[in-house]
Structures are given as structure tokens and as C-alpha cells.
1. Please list, ordered by first then second residue, the pairs with beta carbon atoms under 6 Å, 6 or more apart or interchain, first in segment 94-114 and without any contact (Cβ under 8 Å) to a residue 24 or more places away in the chain, second among the hydrophobic types (A, V, I, L, M, F, W, C).
2. Enumerate the strands (runs of 3 or more DSSP E) found wholly within segment 1-61, keeping only those where 3 or more residues are surrounded by 12 or more Cβ atoms within 10 Å (Cβ to Cβ), out of contact with any Leu (no Cβ under 7 Å at 6 or more places or on another chain) and modelled with pLDDT under 70.
3. Look at segment 118-167 and say how many of its residues are touching a Leu at 6+ places or on another chain (Cβ under 7 Å), assigned to a loop (DSSP other than H, G, I, E, B) and surrounded by 13 or more Cβ atoms within 10 Å (Cβ to Cβ).
4. Can you tell which of Val84, Val79 is over 21 Å from Gly163 (Cα atoms), touching a residue at least 60 places away in the same chain (Cβ under 8 Å), among the hydrophobic types (A, V, I, L, M, F, W, C) and loosely packed, with under 14 Cβ neighbours inside 10 Å?
5. Considering (1) in contact with a strand residue (DSSP E or B) (Cβ under 6 Å, 6 or more places away or on another chain); (2) at pLDDT 90 or above, say which one Gly119 fails and leave the rest.
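The values are calculated or read from the model by the stated rules, or taken from the named source; none is laboratory data. The structure presented is a predicted model; accordingly, all values stated were derived computationally and were not measured. Cβ: placed from backbone, ideal geometry, glycine included. Neighbour counts: every protein chain shown.
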Amino acid sequence: MFFHAHLQNVGKKDGKQQYRVRINYTTREGQAKQIDRAAYGREEAKLLELRLKQEYSKPTTDPTARITIAQLFEEFKTVKKQEVWATTWDKSCRTLERAVLPYVGDLRLDRISTKALQGWKTTVYEMDLALTTKRNFYKEFHSLLNFAVRMEYLPKNPLNAIGTFTDIYFEKPQDKLHYYTPEQFQAYIAVARDSAVTLIDWGVLCVLQPGILYRDTQGGEQCPALDRHRG
């Protein structure tokens, strides 16, 4: 936190010199703020300046951020009940009561850490549950902490740092190139030469995969695609 103190003589009152003590400071979130106080007598002004410096240079947090996740949940229930369908509200509450509060309910918002959240995620990961269920637990917990951000208890959602559950056994299928043997391609050309009459016929044949055309014309059969085109 950055701060700057300024002492200004602004006149007299009741025989004492009046001073304005002004503290300009920047919060940890980067917000510029100002504190303006009045004091009478230079000695009192100096003491006030010192006290304000000490108070606003401490790495303290907003008292409201010291609430626990369980306390946040109670506030969340009250607000969300006004915003979503009753069935949705009930499902969210039951999910949080089952999968979140028993493990991190006593954790204060100002003490949330990536390590603590990763511990919760590991606990859920080891449960014998479907991946979809675990992802739903994460989704509801994420919504609860988004509510904390909305209420300005947290500057950002700390769950974003660890992400949701993933299936480590799932592999994305790779695209494969399909090759045709020379015999298959020759059969395709033979059918094309015998079947194509006009340029439109050739266009129909060219957009067909050679393998499909070869397969469908074995045994002397007519090309079904070309027959549909002519019909």
C-alpha cells in the first residue's frame, strides 16, 4: 500500500491553529483513496498524522472479508433465493452443503489460498463419483465464490487458479489420413469413365469419395449416386 501525508494550516479556531491532515493512499487493489481530518494545535495535528499513517500502512484486510465460507453461504442462500427458480436454488444449496461446507466451511475468505482449494479439489477427486458430478461440485463452489466477488469480499475468484476437474484418461481422437490402393483407384476411374456422360456427371462423381464409389460398384452394379442424379 502506498500513502502520502500532508499537513496544512487552514486558520484559527478558539485561539488554536487549525490544521488539515490529509492522507492520500492506494489500496492493494490499485484504488486511489483519500482521508481528510482536522486537528487543532500543531502538536495534535502531528499526533493525528502519525496515527493515520500507522493505521493505513498496516496490511489489514476489510473486516467483512474475515467471514467464513459457511457464513458466506448463508448470505448466498438469502440472495440467490430471490434470483433463481426454487428447484435451482435447492439443488445449489444441497450441493454446497454436501461437497463444500464439510471441507472448507470454516475457512475465512481472507485466508483462502490456492493450496487450501487444491486440497478440497483433491478430496473431491478421490471420491468414487462420476466426473460430471465432480464438475458440478466445482461449478457450484465457483458460483459461491463469484458471489463473494460480487459482494466485494474478494477481488477475484480464487478457484480460477486451479480449474475444474478433467478426465485424464480421455484422449482426443486424431484425424487420420485415408489412402486407397492403386487397384481401388483404378476401379474408381473405370466406373467414372463408364458412367459420366456430361460435365455435371463428372462433377457428381468427383465429389464422391473414391473408396465409397469403389465399394458401391463392386460386382458390376451401377453407381447409385449417378443413378439418382440422372433420375
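1. Correct list of pairs: Tyr103/Trp120.
2. Details: elements: 2-13, 16-26, 32-40.
Fully inside segment 1-61 and qualifying: 2-13.
3. 5
4. Numbers: Val84 fails: touching a residue at least 60 places away in the same chain (Cβ under 8 Å).
Being over 21 Å from Gly163 (Cα atoms), touching a residue at least 60 places away in the same chain (Cβ under 8 Å), among the hydrophobic types (A, V, I, L, M, F, W, C) and loosely packed, with under 14 Cβ neighbours inside 10 Å holds for just one of Val84, Val79, which is Val79.
5. (1)
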